Every structure is written in C-alpha cells, then in structure tokens.
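Report on the structure given below.
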Amino acid sequence: MTDRLILTLGILGGTGKEGSGLAYRWAKAGYHIIIGSRTLEKAQRAAQAVNERLGREVAAGMLNEDAARLCDIAVLTVPYSAHRATLEALKDKLQGKVLVDVTVPLKPPEVWVVNVPEAGSASMEAQQILGEGVQVVAAFQNISHEHLLDDHPVPCDVLVCGNSEAAREQVLQLAAAADLTGWDAGPLQNAVVAEGLTSVLIGINRRYKMRGAGIRITGEQQPPVD
Ligand SMILES: NC(=O)c1ccc[n+]([C@@H]2O[C@H](COP(=O)([O-])OP(=O)(O)OC[C@H]3O[C@@H](n4cnc5c(N)ncnc54)[C@H](OP(=O)(O)O)[C@@H]3O)[C@@H](O)[C@H]2O)c1
C-alpha cells in the first residue's frame, strides 16, 4: 500500500476558497498537492501561495485534467453550477480513483434553503456521472473555508459518506490530517443530510451574524464488550 505521506491529492477547482484551504491543511500535513484549475497560471499562483506559506515545495498547479490524471485521490471543490460539466470532462481521468466530493448543491440566491438534486444529492449525482469505476465519497461540506487557512482547531466535525468502507477510511484519514474530527456516516445515500446541513449553517451564520458555524457529534463512546 502507498504510504499516506506520499499520496498525491488533486484538488479540482482548488484555486477557490474551500479548495485552497483544504490544500493548505493537507500540504502542511505532508501530502503532495496538485491544485487544479481551468487556467494553468491561476493554479500555479495558488500552489505558490501554499509553498511560500509553508516554506517548502509541496504543491504544484496544473490544469484540472492533469490534476485528475496524476493524483492518487481527487477532491472536487467547484460550485454546484459547475459540478456536472467538470465531472463529465474529467470522467476518464478519474477512473479507478476515490473522488472526494465537497460540493454543496446550493441554489442561489436562497442558499440558506436546502436544495436536493434529482439524483438525491450532489455526490450521488457525481457517482451517477462517473460510474462504478470511481468511488465517490462525500465529505467536508460543513467546514467553512473561514477556518481552513487559520491554524486554529476547526469547531466543526466532518461527516464522511460513501459506499466503500475502504474509501471512507481513506477520507477519514484525510480529515484527521487536516486536524478535523471525522465520522463514518455510512453510505453515499446519507450525504443528502451533510449537504443539506450546509444550507442550515449558512442560514444560522446569516441570522445570528456568526462566522463559520459548524456541527459537532456528541455522545459517550461505550467500552467494547468482550
Ligand atoms: N466556501 C466554503 O466555505 C465552502 C464550505 C463547504 C463547502 N463548500 C463547497 O465547496 C465548493 C467550492 O466552494 P468555494 O467557495 O471554494 O467556491 P469558489 O471559490 O466560488 O470556486 C471554486 C473554484 O471553482 C472553479 N470554478 C468556478 N466556476 C467554474 C465553472 N463554471 N466551471 C469550472 N470551474 C469553475 C474556479 O476555479 P478556476 O477558475 O481556477 O478553474 C474556482 O476557483 C462549492 O460546491 C461549495 O458549496 C464551500
């Protein structure tokens, strides 16, 4: 198995708010990062910002298609309006890989109202588009970018949904590497809840004038029974 420290993460649309924050956290943890973009120069600038902040060359900028082709695990951070077209264009490059879908199917202008796509969720739509050759895992939709570029602990947990237990485990490791608490939240069908929660959190931010509202799983873990 490949060592976690040398895995290459391809962040598709990684020049934006959420993608650049995740890229920074994973680069800091020792992953190799490819920031993907529709524009090479924009990707290179975003990668350079990460490298300069960390003082080492851990991130490279490439076109999305090269990022998708060269990465071990892909992470999709584009607006929902670009979700289908981006996935259709990258489908061939992603076969055999895990795709972490961070997309929230927001429907502007009322982004605080939950929008459920016809497929059931954005990530189920991704699975339909990409086919069974790609393991789609939905995660990080509730983590506001406002926290990711800071070095403080993020006051929000990560719900990880996907149909492959092994793929969910890989993404739980990514959450831990980003200094986040992840929870195995079951099959991809459950991602509708995580995606929908983001609209609820956006509404709470707006109504209570909060910055980066999040969620925590509470409860007491029982000791194992022999
Ligand atoms: N922002 C947050 O706090 C947050 C939190 C949780 C989840 N999310 C979700 O994460 C995703 C990204 O959010 P964001 O705030 O980072 O978005 P963003 O900054 O608006 O956009 C991210 C990147 O997507 C690419 N993009 C924009 N329009 C595109 C198009 N028409 N076709 C292809 N690529 C396009 C752009 O990259 P290039 O121009 O370089 O190609 C852009 O830098 C969204 O689905 C959002 O709901 C965001």
The chain: relative contact order in percent, alpha carbon pairs under 8 Å with at least 6 residues between:
17
GluC sites (Glu not before Pro) within the range 1-96, DSSP loop, no more than 13 other Cβ atoms inside 10 Å:
GLU57
Restricting to the range 48-198, what percent of DSSP beta bridges are antiparallel, rounded to 5?
15
Sort LEU70, LEU130, LEU22 so the one with the fewest other Cβ atoms within 10 Å of its own Cβ comes first.
LEU70, LEU130, LEU22
Assertion target for SER121, SER81, ordered by fewest C-beta neighbours within 10 angstrom first, is SER81, SER121
Share of Cα-Cα pairs in the range 69-182 beyond 20 Å, in percent?
41
From zero up to wherever the largest Cα-Cα distance of the range 134-226 sits, split into 10 Å bins and tell me the percent of pairs in each.
16, 43, 32, 8, 1
By its C-alpha gyration tensor, with a ≥ b ≥ c as the square roots of the eigenvalues, how is the chain shaped: rounded for a/c under 1.5, else prolate for a/b larger than b/c, else oblate?
rounded
When the chain is treated as a GNM, springs tying every alpha-carbon pair under 10 Å, which of GLY55, GLY36, GLY16 comes out with the largest mean-square fluctuation?
GLY55
Cα centre as origin, Lys/Arg/Asp/Glu Cβ charges: the range 4-208 dipole, Debye:
380
What GluC sites (Glu not before Pro) in the range 118-184 are in a loop by DSSP, with at most 14 other Cβ atoms within 10 Å of the Cβ?
GLU118, GLU132
Computed lengthening from ASP226 to ASN115, 0.36 nm per intervening residue step minus Cα-Cα distance:
35.5 nm
Mind computing the radius of gyration and Dmax over the alpha-carbon atoms of the range 51-103? Å is fine for both.
12.4, 36
Exposure proxy order (Cβ contacts within 10 Å, fewest to most) of LYS209, LYS97, LYS42:
LYS209, LYS42, LYS97
Net charge dipole size for the range 116-201 [Lys, Arg +1 and Asp, Glu -1 on Cβ; Debye, nearest 20]
140
Out of PRO155, THR86, GLY61, whose Cα points farthest toward the positive end of the dipole of the range 4-208 (charges: +1 Lys, Arg; -1 Asp, Glu; placed on Cβ)?
GLY61
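Quick note: the coordinates plus some simple rules give every number you see, no bench work behind them. What you see is a predicted model, and the numbers here were worked out from it, not measured in a lab. When we count neighbours, we look across all protein chains shown, and the Cβ atoms used for this are built from the backbone with ideal geometry, even at glycine.
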